[in-house]
Structure formats: structure tokens, C-alpha cells
Amino acid sequence: MHYIEPHGHMVSRTTADYESIAQAGCVALCEPAFWAGYDRSSPAGFYDYYRQLTEYEPRRAAQFGIDHYCWLCINPKEAEDPSFAREVMSIIPEFLDCPNVLGIGEIGLNKNTKNELAIFEEHLEIAQKYDLPILIHTPHLEDKLKGTKLILDALKNANVDRGRVVIDHVEEHTAPLVLDQGYWAGMTLYPISKCTAARAVDILETFGMEQIWMNSACDWGVSDPLAVVKCALEMKKRQHTLTTVQKVIFENPKEFLSQCPNFKVNQLLQ
Ligand SMILES: [Zn+2]
């Protein structure tokens, strides 16, 4: 069995983690730009981070036969100061030609503030200007429903191509909002907080297997780089066919990502 990890923050992970996910069948991994566990003090900090995402991580992943891709943006957690955020955003175009860049992400909202929303809308403009897909972070816990609605309104106003937008971290109460409006949905699996494997499979069984993917985030917090394959096992335990499992963990992300000009299916599968 092989799979795509569509959302993993490998800058916070060891090389041994790449080895583990490769052994579990990971053939491609996508790393959205996000908070790196600390606030960066200058746009130069983001410049170095984008170099890490476009140069260093692809080389680490390639040692294990994994294709590494990334998404670029300034994340909402560090976008509260609009002039700082705009300086960072001005760097992004010079990285868009890098061969592993998929699009703009993970943009979105963190605390649902006016400044975050303004910067979110400006990222949508960049994506439209360069004709790129979009990956969106939705806030956690009590901010999620309100934040998801604000994001859906902003996307509607910007008149984006909905089939080229994935809205991540959906849960039971936000998945139908996202899917019913024609967007892709992502579920982020965490071992103790947020969406567990059992909840994720419940969501799949409730809302269907179309336009949806699962990811592990595998960030700096308590998280599990093998969460996607563990959820695949949960699907098998519930008697879902291998074809269905393979659809959710490989075919679906492949279908969405194939809309990104730089995405290619791993040569090991050809
Ligand atoms: Zn993330």
C-alpha cells in the first residue's frame, strides 16, 4: 500500500521520521508553510524558511524515495501585523518558480481577527494572479465554526475556482459546509486532541469519500507522522475495501494535487 501525506510539517521532524513514513508507504509529502514553533522576528526569517522548504527538505525526503512538495504563505498566527505580513508576502513570488512549490498555503484564520482576514484576502489575490491552488487552515476549537464561515464568505467574494481550494482541519460540524459548497476538505489527525482516527472514519462514513483527504500535520506539538496509515488501518478494521482505503489515502490527494502545475506522481509508481 502506498499513500500521500498531504500536510506534514517536516521542519519539526527528524530524518528518522522520513524513514518511518517511507517504510509505511509514503511516496509524496506536502509541507504547507506555517508557524515554526516560534514567531520569526524579521522577513529574512521567512526567506530562510522558504529556502528550507524548497531546497533542504526535498533533499532529506529524496533519500527515502519520497517526493517533497510545499505551499508558501505567511501563516495567520504571524499575520496580525499587516505591514510585517505584506513584507513577507512580497518575498513569495521569487520562490514560485521552485520545482516543488504547489501553491499558496496554509493561509486562513487563527483568532478570526480583522487583520488576519485582510491578509487572508491578499493571499487569495496572489493565488489568483499566479493561477495557483490554495490550501486553507481553519482555526481550532471554539473559533472553528465562525472562522470557517468567515473563510467561506471571503472565498465566495473572491470568486475562486472551488475545485482548486482545499480547506483543512475540518471536523463533524464544518465538513458539510465545505463539501456542500464544492471545496475539497482535509481532516487533520492528532493522537490526543482534535480529530482521532475513529472520528475521521466516522466523518468519512457520514459525508462520503469524495473530495476529502486525511493528513497527520506531524508538527512541533504532540502529533504522529504515521497518523494517516493508522487511520487507514481503522478503515480496514471497519471492513472498508482496500480500493476505498487507497482512494482516500492516495487517489484523492493525487487528484487534487494534479491540479498543481508542479505535482508529478512519484516515479517509483510509474
Ligand atoms: Zn499545518
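Within region 224-245, restricting attention to residues that are outside any loop (DSSP other than H, G, I, E, B) and of a type in the set (Val, Ile, Thr), the residue that is nearest to the ligand (Cβ to nearest atom) is Val228. Here Thr206 passes the criteria (1) under 17 Å from the mean Cα position of the chain (by Cα); (2) of a type in the set (S, T, N, Q); (3) modelled with pLDDT of 95 or more except the one numbered (1).
Based on what the data block shows, is Leu204 aliphatic (A, V, I, L, M) and free of Cβ contacts under 8 Å to residues at least 40 places away in the same chain?
When the stated conditions are applied, Leu204 does not pass them.
The residues in region 231-250 that are among the charged types (D, E, K, R) and surrounded by fewer than 16 Cβ atoms within 10 Å (Cβ to Cβ) can be counted, and the count is 3. Scanning region 98-143 for residues that are in a helix (DSSP H, G or I), of a type in the set (D, E, K, R) and under 17 Å from Trp35 (Cβ atoms) yields Glu116, Asp143.
Within the group Ser20, Ser83, Ser41, which residue is among the small types (Gly, Ala, Ser), more than 16 Å from the ligand (Cβ to nearest atom) and assigned to a loop (DSSP other than H, G, I, E, B)?
On the way: Ser20 fails: assigned to a loop (DSSP other than H, G, I, E, B); Ser83 fails: assigned to a loop (DSSP other than H, G, I, E, B).
So the residue among Ser20, Ser83, Ser41 that is among the small types (Gly, Ala, Ser), more than 16 Å from the ligand (Cβ to nearest atom) and assigned to a loop (DSSP other than H, G, I, E, B) is Ser41.
Among the residues of region 118-144, just one is modelled with pLDDT under 95 and away from the ligand (no atom under 16 Å from the Cβ), namely Glu142. When restricted to residues that are more than 16 Å from the ligand (Cβ to nearest atom) and at positive phi, region 145-175 contains 1. Residue under question is Lys264, and the condition is that it be outside any helix (DSSP H, G or I), out of contact with any Gly (no Cβ under 8 Å at 6 or more places or on another chain) and basic (Lys, Arg); does it hold? Answer is yes for this residue.
In region 176-199, which residue that is more than 16 Å from the ligand (Cβ to nearest atom) and surrounded by 21 or more Cβ atoms within 10 Å (Cβ to Cβ) is farthest from the chain's Cα centre (by Cα)? I'd like the intermediate steps shown before the answer.
Here is the first cut: in region 176-199, the residues more than 16 Å from the ligand (Cβ to nearest atom) are 176-183, 192, 196-199.
Applying the additional criterion that residues be surrounded by 21 or more Cβ atoms within 10 Å (Cβ to Cβ) yields 178, 183, 197.
Working: Val178: 15, Tyr183: 14, Ala197: 17 Å.
Checking each candidate, the answer is Ala197.
Taken as a whole, region 209-223 holds no residue that is among the aromatic types (Phe, Trp, Tyr), in contact with a Leu (Cβ under 9 Å, 6 or more places away or on another chain) and either within 16 Å of the ligand (Cβ to nearest atom) or part of a loop (DSSP other than H, G, I, E, B) (or both). Figure legend. Inter-residue proximity from region 50-67: first residues closer than 21 Å to Ile92 by Cα, second residues buried (at least 20 other Cβ atoms within 10 Å of the Cβ) and small (Gly, Ala, Ser), beta-carbon distance below 6 Å, spacing 6+ or different chains. No pairs are indicated.
The values are calculated or read from the model by the stated rules, or taken from the named source; none is laboratory data. Remember, predicted model here, so these are calculated numbers, not experimental data. No Cβ is skipped: glycine too gets one built from the backbone with ideal geometry, and neighbour counts run over all protein chains shown.
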